[in-house]
1. Of (1) farther than 21 Å from Arg94 by Cα; (2) among the acidic types (Asp, Glu); (3) under 16 Å from the mean Cα position of the chain (by Cα), Asp44 satisfies all except one. Which?
2. Among residues belonging to the stretch 20-32 that are touching a residue at least 40 places away in the same chain (Cβ under 8 Å) and not aromatic (Phe, Trp, Tyr), point out the one that is surrounded by the fewest Cβ atoms within 10 Å (Cβ to Cβ).
3. Could you grab me the full set of residues in the stretch 5-14 that are open to solvent by less than 30 Å² (accessible area, probe 1.4 Å) and either modelled with pLDDT under 95 or closer than 15 Å to Gly91 by Cα (or both)?
4. Does the stretch 73-89 contain any residue that is farther than 28 Å from Arg39 by Cα and open to solvent by 30 Å² or more (accessible area, probe 1.4 Å)?
5. Could you tell me whether the stretch 63-70 includes any residue that is in contact with a strand residue (DSSP E or B) (Cβ under 7 Å, 6 or more places away or on another chain), open to solvent by less than 30 Å² (accessible area, probe 1.4 Å) and in contact (Cβ under 8 Å) with a residue 24 or more places away in the chain?
6. It is to be established whether one or more residues within the stretch 110-122 are open to solvent by 70 Å² or more (accessible area, probe 1.4 Å), under 28 Å from Arg5 (Cβ atoms) and among the acidic types (Asp, Glu).
7. From the list Arg106, Arg97, Arg40, Arg50, which one is open to solvent by 60 Å² or more (accessible area, probe 1.4 Å), assigned to a loop (DSSP other than H, G, I, E, B) and within 17 Å of Ile22 (Cα to Cα)?
Amino acid sequence: ANTGRALRRIVRILQCYRDFAIDEPQLFEIMFVVPRARRRRFPDDFAARRSTSFNMLHSAVEQAMQEKRIRKDDALELTLNLWAFAHGLVGLHRAGRFDTNVAAFRRLFDRAIDRLFSGLAAK
């Protein structure tokens, strides 16, 4: 049976990224915002699987494609696109661009992810 487990995993990973940014803002800043000399760079470092968190998302994306939950595409680039989408929403939230509380931002984020996956659905 095609349960869409990989798709749920992708959503959960993106939600964990969002929650990490909200719950650990200083650590998030150090890890994902502040430029560092030895940062991982796309595509080579990610294709070489040098990032544990990116690897989790990448393998879930590949699995979702195999399950035909999202259409076939370049899995590495799609993983980057999903991360960038989540990072952009989180960055706007961190910059105070949403006139909402944290719970409302979480709901807005979830709706945005749902819309995105509606557009990525395999035809």
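The values are calculated or read from the model by the stated rules, or taken from the named source; none is laboratory data. Everything numeric in this text was worked out from a predicted model, so none of it was measured. With ideal geometry, Cβ positions are generated from the backbone for all residues, glycine too; neighbour counts draw on all protein chains shown. Areas reflect the complete protein model, heavy atoms only, side chains present, ligands, DNA and RNA absent. Shrake-Rupley method; radii C 1.70, N 1.55, O 1.52, S 1.80 Å.
1. (3)
2. Pro25
3. Ala6, Leu14
4. Taking the stretch 73-89 as the starting set, the residues that turn out to be farther than 28 Å from Arg39 by Cα are none.
Scanning the stretch 73-89, I find no residue that is farther than 28 Å from Arg39 by Cα and open to solvent by 30 Å² or more (accessible area, probe 1.4 Å), so the answer is no.
5. First pass over the stretch 63-70, keeping only residues in contact with a strand residue (DSSP E or B) (Cβ under 7 Å, 6 or more places away or on another chain): 64, 70.
Then keep just the ones that are open to solvent by less than 30 Å² (accessible area, probe 1.4 Å); that gives 64, 70.
With in contact (Cβ under 8 Å) with a residue 24 or more places away in the chain added as a condition, the list becomes 64, 70.
Looking through the stretch 63-70, at least one residue is in contact with a strand residue (DSSP E or B) (Cβ under 7 Å, 6 or more places away or on another chain), open to solvent by less than 30 Å² (accessible area, probe 1.4 Å) and in contact (Cβ under 8 Å) with a residue 24 or more places away in the chain.
6. Yes: the stretch 110-122 contains one or more residues that are open to solvent by 70 Å² or more (accessible area, probe 1.4 Å), under 28 Å from Arg5 (Cβ atoms) and among the acidic types (Asp, Glu).
7. Answer to the check: Arg97.
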